[in-house]
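Below is one structure, written out as structure tokens, with a few remarks after it.
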There are 2 protein chains.
Amino acid sequence: MKIGINSGAASGPETTIGGLIERAQKMEAHGFDCFWMASMFGLDAMTALALVGQNTSKIQLGTAVVPSYPRHPLVMAQQAATTNAAASGRFNLGIGLSHKPIIEGMYGMSYEKPARHMREYLSVLGPALHNEKVDYQGEQYGAHGQISVSESESVPLLVAALGDVMLGLAGTMADGTITWMTGLKTLEEHIIPKVRKAAADAGRSEPRIVAGVPTAIVDNKEAAISRIDRGMKMYGQLDSYRAMLDREGAAGPSGVANIGDESDLRKYIQRLRDIGVTDLNCAVLGVGDHDTTVEFLASEL
Amino acid sequence: MKIGINSGAASGPETTIGGLIERAQKMEAHGFDCFWMASMFGLDAMTALALVGQNTSKIQLGTAVVPSYPRHPLVMAQQAATTNAAASGRFNLGIGLSHKPIIEGMYGMSYEKPARHMREYLSVLGPALHNEKVDYQGEQYGAHGQISVSESESVPLLVAALGDVMLGLAGTMADGTITWMTGLKTLEEHIIPKVRKAAADAGRSEPRIVAGVPTAIVDNKEAAISRIDRGMKMYGQLDSYRAMLDREGAAGPSGVANIGDESDLRKYIQRLRDIGVTDLNCAVLGVGDHDTTVEFLASEL
């Protein structure tokens, strides 16, 4: 199992380009496999990773995740391919539906028929990421043309999926899935088997399972739990995440976090390996000492 | 009048990131004011300019132009602000409607009501580029939220405008216009007075007039004219450009190109200064020797 570090803080040094590059370089020096960046409302994630790509040499880079709706899939492909070129082929594109309150509330777009939206979106994006000519006409999207970034052969595509339909699309039309707010039980019984089955049925190779996990070494677990559930409250209120927490039997986001002492974290990571997660994306939480957690995670590589 | 160089070749060394950065650095060394990049179907223009921004220090950068339709205006603002941050505040965002055959034919989107589209688009993009909270609901676009890129205070916004309505919007809702396929007569009698009047009526400061001009020092003018009209034939076939050529009384794109010997080019550039163009964006054509033309243009700075 590969281990990576998540970025995309809404405040602090990583909200500047220099600060972000510096953190990515440190994570590369630690030997982490991947540096993932969430899409927030500060730095544009793909542009930021293109800049990181020019200033790193080994570490994989990825978005976790870019919302699909606000960009036409050909433009998404073009930006992703350019980011991949800047990163000498180390870029992984994670995309997702985002959430109804964001797409409708912030972007003023319709979130009706999200499954159809994603199927059509992937019908264009998938081939475009391989520099193939696209000739597609759906209900929501049409695309007829070709993106051609000479330094990007292809970009691995991961689709954020929590429900059955999206899991099917992630296995059938992409290279795997990328999750957030999913615990061990949910990953083992729901996410992994469904994406794998979809990929197998479609004759595709073993899909990637990228699991985003809030992570921290903490002294006082009880205090950490209450801080996490306060600080990450918004995730528990978004429908799709709430459904994953319910499935896990978790009251709040702390129920899907990897927190405790080194031994606790090591066991959790071993379980993730055992159930078939291919990429662990650790969001290192401020409830513990950042460097202590990062150094421990590096020892698990 | 500032003088800049246009990039965005569909083939050759500038289609790679390294090649593009190298050319921008050379143009910076020559002392040019701006390096403009067209939006084609290779490298994503804003991402490419973000990378150029990290590898240059003085030269202004700009898009000429990015099509509005395929990106939600908040996403356009976020990517532009991130590019501006990467360029330490040297980025200029040029956007345009593109053309019906591209928006409908390639992106499968509706090109109906383009003027309304642009008015609504600018209602969101304008404030978002200044990191302002946007709360807008139109027919085609809604946006409620805030983009916040800490290293970008604001991004100058230029709107490609050829017809009266768009010229009005460029003067009223943006910092000026950016043109292509407009000759001296069209600029003097149509573009410049209309953008200026719109800006003045709106109480805005003097608008920027960025004129893209195909440019080359050539020995044999007749041969160059016929090569240009063959090579740039597609521009003469797009409705909005065709209208500008007709207005100029030009049979083809060569009729709005600055070609000839040094004396011819110098006169043309002087006329552009005289009529009030603020930024000349030279697309150096392959019909002449590239370095000869560039060195001459640098002598006009």
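What follows draws every value from the coordinates through simple rules; no lab data is involved. Everything numeric here is computed off the predicted structure, so don't read it as measured data. Every residue, glycine among them, receives a Cβ derived from its backbone with ideal geometry; neighbour counts consider all protein chains shown.
Tell me the angle of helix A:221-231 to the major Cα principal axis of chain A, expressed in degrees between 0 and 90 and rounded to the nearest ten. That works out to roughly 40 degrees. Distances between equivalent label points of A:Ser11 across the copies, with each point positioned 7 Å along Cα→Cβ, amount to 5.4 nm, shortest listed first.
Here chain A is treated with +1 on each Lys and Arg Cβ and -1 on each Asp and Glu Cβ, and its dipole about the Cα centre works out to around 380 debye. Using a label point 7 Å beyond Cα on the Cα-Cβ vector, give me the inter-copy distances for A:Ala115 in nanometres, one decimal, shortest first. Nearest to farthest, the other copies are at 4.4 nm. Each of B:His290 and A:Lys26 was given a label point 7 Å from its Cα along the Cα-to-Cβ line. The distance between the two points is 4.2 nm. The helix-only estimate of mean residue ellipticity at 222 nm for chain A, built from DSSP H runs of length n ≥ 4 each weighted as -39500 (n - 2.57), is -13000 deg cm²/dmol after division by the residue total. Computed from Cα atoms, the angle from the helix B:114-129 axis to the main principal axis of chain B rounds to 70 degrees.
Between B:Ala115 and B:Asp264, full extension at 0.36 nm per residue minus the direct alpha carbon distance yields a gain of 49.9 nm. Using a Gaussian network for chain B with springs between C-alpha atoms less than 10 Å apart, which of these wobbles most: B:Lys133, B:Lys267, B:Lys113? So, out of B:Lys133, B:Lys267, B:Lys113, the one fluctuating most is B:Lys113.
Annotated for chain A: lysine pairs at least 8 residues apart or interchain, Cα distance under 18 Å, count 11.
Annotation for B:Gln237 and A:Ala251: the two label points, set 7 Å from Cα along the Cα-Cβ direction, are 6.8 nm apart.
For peptide A:72-78, the mean count of partner chain Cβ atoms within 10 Å of a residue's Cβ comes to 6.
Calculated translational diffusion coefficient of region A:161-300 (25 °C, 0.890 mPa s; Stokes-Einstein with Kirkwood radius over alpha-carbon pairs) equals 160 µm²/s. If you plug the beta carbon distance of A:Gln140 and B:Ser88 into 1/(1 + (r/R0)^6) with R0 = 30 Å, you get a FRET efficiency near 0.15.
Among B:66-77, B:49-60, B:255-266, B:290-301, the peptide with the highest mean count of other Cβ atoms within 10 Å heads the list, and the full ranking is B:66-77, B:49-60, B:255-266, B:290-301.
Modelled this way, with points 7 Å down the Cα-to-C-beta line, the labels at A:Val165 and B:Ser57 are 5.5 nm from one another.
Overall shape: prolate for chain B, with the ratio a/c of the largest to smallest alpha carbon gyration tensor axis at 1.5 or above and a/b above b/c. Note on the protein assembly as shown: Kirkwood hydrodynamic radius from all Cα pairs is 25.2 Å, rounded to one decimal.
For region A:161-300, a simple Cβ point-charge model (Lys and Arg +1, Asp and Glu -1, everything else neutral) yields a dipole of about 420 debye relative to the Cα centre. A point 7 Å from Cα along Cα→Cβ stands in for A:Asp264, and the other copies hold the same point at 7.8 nm, listed in rising order. Where does helix B:73-86 land angle-wise versus the long Cα axis of chain B, in degrees 0 to 90, nearest 10? Rounded to the nearest ten degrees, it is 60.
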